[in-house]
Each structure stands twice: as structure tokens, then as C-alpha cells.
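The values are calculated or read from the model by the stated rules, or taken from the named source; none is laboratory data. The model shown is predicted, which means the values in this text are computed figures rather than measured ones. Note: ideal-geometry Cβ built from the backbone for every residue, glycine included; neighbour counts use all protein chains shown. With ligands, DNA and RNA removed, areas are computed over all heavy atoms of the protein, side chains included. Shrake-Rupley method; radii C 1.70, N 1.55, O 1.52, S 1.80 Å.
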Amino acid sequence: VRNPLFAISATVDAVEARFDDRDELGPFVATLRGEVEGLRALMSDLLEYGKPPVLDLHDVDVGEVVASALRACEPLATQREVVVRNGVEPGLPKLRLDPGRIAQVVQNLVENALHYSPAGTAVEIQMAIFPANGRDWLEISVADRGPGFRPEDLPRIFDPFYTRRRGGTGLGLSIARRIAEA
């Protein structure tokens with residue numbers, strides 16, 4: 001899938017470079033580029049979902065991991081005209097976790113929240129550490145002002161390929177859950 005996708009992307013680049021002076025082609029090139037990006041995202045999600053999560057554990061500052069994930073969400077937040085508020089307190093103890101995987105979970109959750117949030121609202125990220133069963137556990141919450149899940153959808157929200165969002169793959173929450181469970 002990667003080879004044909006690269007060929008399509010390269011062809012779109014070549015058409016844009018060669019026919020740059022033809023304004024009427026602009027909307028078509030933009031549509032093709034958007035569809036290529038959609039296919040790239042789907043391919044990435046499929047590859048991610050198809051492999052078991054392998055954790056690379058390190059003692060890390062969770063605040064830095066969350067901040068990194070939120071930086072990746074900035075373009076979508078700007079496009080959707082939604083503010084992202086990072087409520088993660090500085091100076092929390094370092095925790096042993098996989099920073100890349102936790103960043104991916106946070107990014108998936110925040111991107112979902114951004115897709116469903118009305119313009120002019122905020123998505124808020126909070127974090128707490130609480131003891132249970134002799135261990136410290138991390139809880140990261142993402143809250144938005146979107147419509148929420150319909151009650152009939154709740155049993156399926158973590159099912160692969162289940163989505164109500166046009167253009168969504170239905171894999172983001174499934175992947176986030178698998179990583180959290182690992």
C-alpha cells in the first residue's frame with residue numbers, strides 16, 4: 001500500500017509543479033492531497049492496530065509527554081477554532097511508562113475531542129496520580145464541550161472500525177485502549 005500511495009503523492013506533486021499556473025486545477029490538487037493524507041492516516045492506524053503494543057518503559061516526566069502530544073494537536077485545534085488547556089501540574093514525580101505510547105493515547109483522545117468540539121470552546125486535559133493496590137496509578141482525562149456519546153454507541157466505542165465521524169477510521173479509541181491496557 002505504501003508504494004502506490006507514494007506514487008500517487010509524487011504524481012500530485014508533479015502535477016502541481018508542472019501546472020502551477022492553471023488556477024482551475026488548484027481545487028482538484030487540494031482534494032487529491034487531502035485524500036492521500038487520509039489514506040496515509042488510515043494506513044498508519046491499520047499498521048498500528050495490527051501489531052501488539054510493545055512498551056519501551058522509561059522514568060519520564062508525564063507533563064513533558066502530555067505537552068508533546070498537545071503540540072502535535074495544535075494545527076487541528078487552530079483549524080477547529082478550539083482552545084486546548086493543559087491542566088497537567090508541573091513537578092509531578094517521574095513515572096515509568098512508554099512516553100511515545102502515552103503521547104499517542106493523549107493525542108488520539110485530544111484529536112477526538114477537537115473533532116467534536118464546537119468552535120469557540122475548550123478541550124481540557126487534567127491529570128491525577130492516585131494509589132491503588134499498593135501502586136501509584138496515573139489518570140489523564142480529556143474533557144470537551146461536544147455532544148458526547150449517544151447511549152446506544154457506548155458498548156461499541158472501542159470496537160475497531162466503529163465510528164460516527166465522517167472521515168474517521170474508527171481505530172483511534174481502539175488503539176488508545178490497547179495501549180492503556182498494556
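Of all residues in the range 139-150, none that is closer than 16 Å to Arg177 by Cα and among the small types (Gly, Ala, Ser) has its Cβ atom under 8 Å from the Cβ atom of a residue that is open to solvent by less than 50 Å² (accessible area, probe 1.4 Å) and not in a strand (DSSP E or B), 6 or more apart or on another chain. For the residues Ala143, Ala128, the requirement of being touching a Ser or Thr at 6+ places or on another chain (Cβ under 9 Å), aliphatic (A, V, I, L, M), under 21 Å from Gln104 (Cα atoms) and modelled with pLDDT of 80 or more singles out Ala128. For the range 30-68, a residue qualifies if it is in a helix (DSSP H, G or I), open to solvent by 50 Å² or more (accessible area, probe 1.4 Å), farther than 21 Å from Thr163 by Cβ and not polar (S, T, N, Q), and the qualifying residues are Ala30, Leu32, Arg33, Glu64. In the range 99-121, the qualifying residues are those that are of a type in the set (Gly, Ala, Ser) and outside any loop (DSSP other than H, G, I, E, B), and the one that is nearest to Gly168 (Cα to Cα) is Ala113. Taken over the range 161-172, the criterion of being in a helix (DSSP H, G or I) and more than 13 Å from Arg101 (Cα to Cα) is satisfied by no residue. Within the option set Arg71, Arg96, being surrounded by fewer than 17 Cβ atoms within 10 Å (Cβ to Cβ) and in a strand (DSSP E or B) holds for one residue only, Arg96. If you go through the range 134-181 and keep only what is among the basic types (Lys, Arg) and loosely packed, with under 11 Cβ neighbours inside 10 Å, you end up with Arg135, Arg150, Arg166. Within the range 65-91, can you find the residues that are touching a strand residue (DSSP E or B) at 6+ places or on another chain (Cβ under 8 Å) and of a type outside the set (A, V, I, L, M)? Cys73, Glu74, Arg85, Asn86, Gly87, Glu89 - these are the residues of the range 65-91 that are touching a strand residue (DSSP E or B) at 6+ places or on another chain (Cβ under 8 Å) and of a type outside the set (A, V, I, L, M). Residues in the range 1-36 that are free of Cβ contacts under 8 Å to residues at least 24 places away in the same chain and hydrophobic (A, V, I, L, M, F, W, C): Phe6, Ala7, Ala10, Ala14, Val15, Ala17, Phe19, Leu25, Phe28, Val29, Ala30. Within the range 37-50, residues that are at negative phi and polar (S, T, N, Q) have Cβ atoms under 8 Å from residues that are modelled with pLDDT under 70 and part of a helix (DSSP H, G or I) in no pair, counting only partners at least 6 apart in sequence or on another chain. Residue pairs whose Cβ atoms lie under 9 Å apart, separated by 6 or more positions or on different chains, with the first residue in the range 64-85 and in contact (Cβ under 8 Å) with a residue 24 or more places away in the chain and the second open to solvent by 100 Å² or more (accessible area, probe 1.4 Å) and outside any helix (DSSP H, G or I), are Val82/Arg145. Among residues that are closer than 22 Å to Ala182 by Cβ, part of a helix (DSSP H, G or I) and open to solvent by 40 Å² or more (accessible area, probe 1.4 Å), Glu24 is not included.
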